Each structure stands twice: as C-alpha cells, then as structure tokens.
1. According to a simple spin-label model (label point 7 Å from Cα along Cα-to-Cβ), what is the distance in nm between A9 and S50?
2. Hey, with R₀ at 22 Å, roughly what FRET efficiency would A34 and L140 work out to, going by the Cβ-Cβ distance, to 0.05?
3. Packing-wise, with mean Cβ within 10 Å as the measure, how do 107-113, 96-102 rank, highest first?
4. Just grab the label-to-label distance for E69 and F118, each label 7 Å out from Cα along the Cβ direction, in nm (one decimal).
5. Taking the Cα centre of the chain as the origin, how large is its charge dipole in debye, to the nearest 20, when only Lys and Arg (+1) and Asp and Glu (-1) carry charge on their Cβ atoms?
6. On the first, second and third principal axes, largest extent first, how far apart are the outermost C-alpha atoms of the stretch 10-142 in Å?
7. Calculated FRET efficiency, N133 and L27, Cβ-Cβ r, R0 22 Å, to nearest 0.05?
8. Would you please give the residues with an amide H less than 5 Å from that of V47, counting only those at least 5 places away or on a separate chain, with H modeled from the backbone geometry?
Amino acid sequence: MAEDRPTSARILVAVGGQKVDEETVRLACRMAKARSAKLYGVHVIEVNRSLPLSAPVEHLVEHGEEVLEQFEQLTSESGLEAETEMVQARDTGPAIVGEAEEWGADTIVMGLPYKRRFGEFFLGKTVPYVLKNAPCRVILFRERLDA
C-alpha cells in the first residue's frame, strides 16, 4: 500500500518581502542541498476582510511577484530549482500551514524581522500561529538586532 507522504524532503520557505528574506532563503538553500530536498517558496497576500477574498489587489500581486522572483534568483544562484506560489488569504499563518499540509512539507523555514511593540520584542501573530499549528518542523530565522 502506497503512502501519501512524499519520499523526498520538502522545505517550504515563507517569504514576505522583508530584509530578512535573503538570509532566510540562503539558509533554506543550504539545508536543501544537504538533504537533497525540494524547495517551495510561498508568498501570502493578506486581503482585508472588507474585500472579497478574490479581490484584485494588483499592487500587492506585483510586489508578491517581485518577492518570488528574488526567491527564485537566490535558489538559482545556489544551483537549486524551486517551486513558488502566491496565495491570497485573510491571515498569513493559516495560509502557510495550509500550503505546508497541501504540499507535504516536512520543514517550514520562516524569517522574522526584529520588531518592537511597546518597547518589547514582538513576534506578531503569524509566527505563533505557525509554531502552534504546523504539521511539520518549523525553523525560525530571526533577523539580527542592530544596535
């Protein structure tokens, strides 16, 4: 009886168009080479709840295309091929988890910009959601703190 799980390693890389993306993608490329893994770059466009989910958000789509082109360029420089996907969703966290489940990822790699809120380091809402709900390993790459 055949299993539904993929036989080769699969690394999903969430890219959002932040400075930390480049280092995050390079880390994922090194991991993929070491494990002969497939790479899948995902960019999520959050659609405001006041709009239909399928609303045309051309400026966000153009930005997403640039982000995914950068992802493809970095993976190509590492001698790797990658799949990419742009997803429109209400929230980024559930979209990343859903893509990981659908694609059969065994690892999610995410970059985290160093953000402060009320003077304290802030994870936002996406990272805690993914850490809590992902069906696979999650590797979080936090941007360094510049003094």
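1. 4.6 nm
2. FRET efficiency, A34 to L140: 0.75.
3. 107-113, 96-102
4. 4.1 nm
5. Numbers: 18 positive and 24 negative charges, 171 e Å.
Roughly 820 debye, rounded to the nearest 20.
6. 43, 35, 27
7. On the way: r = 22 Å, r/R0 = 1.01.
The value I calculate is 0.50.
8. Here A89, R90 satisfy the definition.
No value in this document is a laboratory result; all are computed from the given coordinates. Since this is a predicted model, take the numbers as computed values, not measurements. A quick note on method: Cβ atoms are made from the backbone with ideal geometry, for glycine too, and the neighbour counts reach across all protein chains shown.
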